[in-house]
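The values are calculated or read from the model by the stated rules, or taken from the named source; none is laboratory data. Everything numeric in this text was worked out from a predicted model, so none of it was measured. Virtual Cβ from ideal backbone geometry, glycine too; neighbours counted across all protein chains shown. Keep in mind that these areas ignore ligands, DNA and RNA; they rest on the heavy atoms of the full protein, side chains included. Shrake-Rupley method; radii C 1.70, N 1.55, O 1.52, S 1.80 Å.
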Protein chains: 2
Amino acid sequence: MAATILLVEDEPGIQELVKFNLAQGGHAVMCADSAEQAVGMVRDTLPDLVLLDWMLPGMSGIELAKKFRADTRMKHVPIIMLTARGDERDKVLGLETGADDYITKPFSPRELSARIKAVLRRRAPQMTEDKVEIRGLSLDPVSHRVTGDGTPVELGPTEFRLLHFMMTHPERVYSRAQLLDHVWGDHVFVEERTVDVHIRRLRLALEPTRHENLIDTVRGAGYRLSTQPA
Amino acid sequence: MAATILLVEDEPGIQELVKFNLAQGGHAVMCADSAEQAVGMVRDTLPDLVLLDWMLPGMSGIELAKKFRADTRMKHVPIIMLTARGDERDKVLGLETGADDYITKPFSPRELSARIKAVLRRRAPQMTEDKVEIRGLSLDPVSHRVTGDGTPVELGPTEFRLLHFMMTHPERVYSRAQLLDHVWGDHVFVEERTVDVHIRRLRLALEPTRHENLIDTVRGAGYRLSTQPA
DNA sequence: CAAGCTTATGACAAAACTGTGACAGCCGAT
DNA sequence: ATCGGCTGTCACAGTTTTGTCATAAGCTTG
């Protein structure tokens, strides 16, 4: 649960306070007072999480966030925005820009640590190069091979990435939008319904090995790869 | 903005003072002079906020706070600690324990009401993604699964949100209007009676696992999810 | 016990979602 | 240039979910 966190905040008071609280929570904290400094530190140390103040001298928080999202290496670093209270517009902008969450000041330490925990947990299982196996269906990212109980399964590139993602994040519901982000890439302009179609193609491809109901439809929410047979 | 506040404080002088100030702010105030009494009152009336003096005869403030956090029903009640001036150690302990904020004595009425306002303001969005379990009925927001004593329960999207909300706010009566706000969203135009129908559907869905009377009807007031079997 | 309210139910029709099959555009291989 | 594999979109069909009603029940009060 301990993580390396970069705090980007120019007000010394708040910086100290947050730093103190994070340290209490067992996290390693680095601080940056400016956007420029922040970019360098992120690129350099690749922290587990960035706490980003909305208002910064020079570059604004949103621009900074965009910068992160544009860089391949920093793209996946979770960002929590610290915004002044109740500015709905900022909130929306922030989330659109790619912040993972936001907290409005003033915030309680408890809230802060709760959000941090949530974000870190959400990011938890990274897609690795390791083989995954669930319910007899195994997928090997390296050889790019999928077999259901021994017999090979034919998949297209997108289907493969989709299955890979879902197998590395089982028992978790993902909305179509989230799946688009994770499997297609954040920037693409694709209809959400496209996900449905690919899910179906995936199911069809899995049918020969009886794994067609590996992926559940969660009405009104999205899809979920379940570890337990229905 | 008016709220029900429980003040836990043994010094009569301070108690009176704070009580007066809170009343001025339009809040309903209850008082407890001892930790034991406080536990009972919180469990009983579920205040919107607890002002907790650090130094109490008998159980210390920190123990009391822990007790609150451990109980499902009281888990979400915000706590503001009242500490003697400048005791850093207490401050740390208090925040670790789960206090939402702390105020060092002596404090001005203005500071007090400012803190209260801040805490109450952020009380609302507390939908976490933690699993909830009550009376053998468990709900997991992440996997979007609900099981009653092991066997799965089928719920529609609205029923799911409704149950989630009520399980995270047990032992508390919510009017139809409040439920509409929290579960449907503030802006929607829906008849209040609609809530009745969804409560019924929820009860029907829970019937197979014998959890149909998890939700009590409070005549003239609304509904309540009870932790105690009838 | 009857009147006056407040809830519980069963039935519906509209609205919202998903599952499907078909299609046209791309692109690399032939 | 042609063929075949992938993809992103649609339009349509099949279901599920939802908001309301009208009506039956259930409580409270006098």
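Against the empirical 2.2 N^0.38 Å scaling, what ratio does the C-alpha Rg of region B:4-121 come to? Intermediate values should be presented prior to the final figure.
Values: Rg = 12.7 Å, N = 118, 2.2 N^0.38 = 13.5 Å.
Normalised Rg, Cα atoms only: 0.94.
Take A:ARG121, move 7 Å from Cα toward the beta carbon, and the resulting point lies 2.7 nm from the same point in each other copy, nearest first. Quotient of the Cα radius of gyration of region A:151-230 and 2.2 N^0.38 Å, N being its number of residues: 1.03. Phi angles of region B:133-147 translate, via the Karplus equation with coefficients 6.51, -1.76, 1.60 and θ = phi - 60°, into HN-Hα couplings of 9, 9, 6, x, 9, 10, 10, 10, x, 6, 7, 6, 10, 10, 9 Hz per residue; Gly and Pro are given as x.
Evaluate the relative contact order of chain A (contact order divided by residue number), counting alpha-carbon pairs under 8 angstrom at least 6 apart; express in whole percent. It rounds to 12 percent for chain A. Computed with a 1.4 Å probe over protein heavy atoms only, the accessible surface of region B:129-230 comes to 52 Å² per residue. Summarising the amide proton neighbourhood of A:TYR102: residues at separation of 5 or more, or on other chains, whose placed amide H is nearer than 5 Å comprise A:MET81. Sorted shortest first, the separations between the B:GLU133 label point and its copies elsewhere in the assembly read 2.9 nm; each point sits 7 Å from Cα along the Cα-to-Cβ line.
Here B:LYS67 yields copy-to-copy label distances, from shortest upward, of 5.2 nm, the label point defined as 7 Å from Cα along Cα to C-beta.
Take chain A and mark each of the GluC sites (Glu not before Pro) that is in a DSSP loop with at most 10 other Cβ atoms within 10 Å; the longest unmarked stretch, sites excluded, is A:1-128. Karplus-derived 3J(HN,Hα) values for region B:161-177, using 6.51 cos²θ - 1.76 cosθ + 1.60 with θ = phi - 60°, are 4, 4, 4, 4, 4, 5, 6, 8, 9, x, 6, 9, 7, 10, 6, 4, 4 Hz; glycine and proline are entered as x.
Size estimate for region B:1-49 follows the Kirkwood approach: the inverse of mean 1/r over distinct Cα pairs works out to 10.8 Å.
Close amide-amide hydrogen proximity is noted between A:GLY222 and no other residue 5 or more places distant or on a separate chain, at a cut-off under 5 Å (H modeled in the peptide plane; Pro and chain starts excluded).
Put simply, chains B and A cover up around 1800 Å² of each other's accessible surface, both sides summed, when a 1.4 Å probe is used. Counting only protein chain heavy atoms and rolling a 1.4 Å probe, the accessible areas of B:THR4, A:THR151 rank, largest first, as A:THR151, B:THR4.
Figure note: A:ARG200, B:ARG176 ranked by solvent-accessible area, largest first, 1.4 Å probe, ligands and nucleic acids not counted: A:ARG200, B:ARG176. Averaged over residues, the count of other Cβ atoms within 10 Å places the peptides A:112-121, A:39-48, B:50-59 in the sequence B:50-59, A:112-121, A:39-48, highest first. Helix A:193-206 axis versus longest C-alpha principal axis of chain A: approximately 40°, rounded to the nearest ten.
What are the semi-axes of the equivalent ellipsoid for chain B, taken as the square roots of 5 times the Cα gyration tensor eigenvalues, largest first, in whole Å? Could you put the intermediate results ahead of the total?
Details: eigenvalues 252, 72, 47 Å².
They are 36, 19, 15 Å, listed largest first.
Kirkwood radius for the protein assembly as shown, taken over all pairs of different Cα atoms as the inverse mean of 1/r, rounds to 24.8 Å.
Inter-chain Cβ neighbour count for A:107-116, averaged per residue, equals 5 (cutoff 10 Å, partner chain atoms only).
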